[in-house]
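Trainee: To start, I am sharing the structure in question, which I have written as structure tokens.
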Amino acid sequence: GALNIPLFAVKTKPFLRGQHVVLLSNGFMPSDVEAECRRLRSTGYDVYLWYGGMNGWVRWGGVVEGTDTASLFRMSPRALPYILDRPDWLLVSISDPTPATIPNVIHIPWQPGNSETTIRRLKELLDERTDIGTVLLAGTDNEACSVVRQIAAAVPAVVFCLEGGWPA
């Protein structure tokens, strides 16, 4: 089974000692979880880190009960600065205009009713860039969030959408 315990409280749960413990990051900013994982290991916990967060868990067939899984695919704009320079992320704009203020954004237009073209192009990019593990989709408003699950089901990567679209 699984327990939802805030990261800061894991060390206060003595029943976890001697158990295999898996920490899940939010999927896009794992540094805090990585640091806590190291601290817990140094104090005797048998602890591991699941990269990709709950989004990745669902992506790779994990079961989630009692929660709205749509929120697992959303990323807050506040997290954007943490991933802009990450080489293992692919930033994709599915609408015009692609923001000039955000570097390395690839434009793949989303055509309602013709999703196969967008998905095929994204798969091609992921085949070329085997170092990519995570994709961030964004467009205007919440356009990307309305199609993120369809795309996530079709490509070999963890996929998030940027809530509210690209910043102005």
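The values are calculated or read from the model by the stated rules, or taken from the named source; none is laboratory data. Keep in mind that this is a model prediction, so the values were computed, not measured. Quick reminder, even Gly has a Cβ in these numbers, built from the backbone with ideal geometry, and neighbours come from all protein chains shown. To get the accessible areas, we keep the full protein, side chains included, count just its heavy atoms, and leave off ligands, DNA and RNA. Shrake-Rupley method; radii C 1.70, N 1.55, O 1.52, S 1.80 Å.
Trainee: So Val22 clears everything in (1) of a type outside the set (Asp, Glu); (2) open to solvent by 60 Å² or more (accessible area, probe 1.4 Å); (3) assigned to a helix (DSSP H, G or I) except one condition, right? Which one?
Mentor: Going through the list (1) of a type outside the set (Asp, Glu); (2) open to solvent by 60 Å² or more (accessible area, probe 1.4 Å); (3) assigned to a helix (DSSP H, G or I), Val22 breaks only (3).
Trainee: Please find, within the range 92-122, the residue that is most open to solvent (accessible area, probe 1.4 Å) out of those that are at pLDDT below 85 and in contact with a His (Cβ under 8 Å, 6 or more places away or on another chain).
Mentor: Asp96
Trainee: Only residues in the range 79-104 that are more than 17 Å from Val159 (Cα to Cα) and assigned to a loop (DSSP other than H, G, I, E, B) count as the first member; pair them with residues that are open to solvent by 40 Å² or more (accessible area, probe 1.4 Å) and at pLDDT 85 or above, Cβ under 6 angstrom, at least 6 apart or cross-chain, and list the lot.
Mentor: Thr98/His107
Trainee: When residues of the range 8-47 are filtered for being in contact (Cβ under 8 Å) with a residue 60 or more places away in the chain and of a type outside the set (Phe, Trp, Tyr), how many remain?
Mentor: 1
Trainee: Further, regarding this structure: Select, from Trp110, Trp166, the only residue that is of a type outside the set (Val, Ile, Thr), over 20 Å from Pro30 (Cβ atoms) and more than 19 Å from the chain's Cα centre (by Cα).
Mentor: That would be Trp110, the only listed residue that is of a type outside the set (Val, Ile, Thr), over 20 Å from Pro30 (Cβ atoms) and more than 19 Å from the chain's Cα centre (by Cα).
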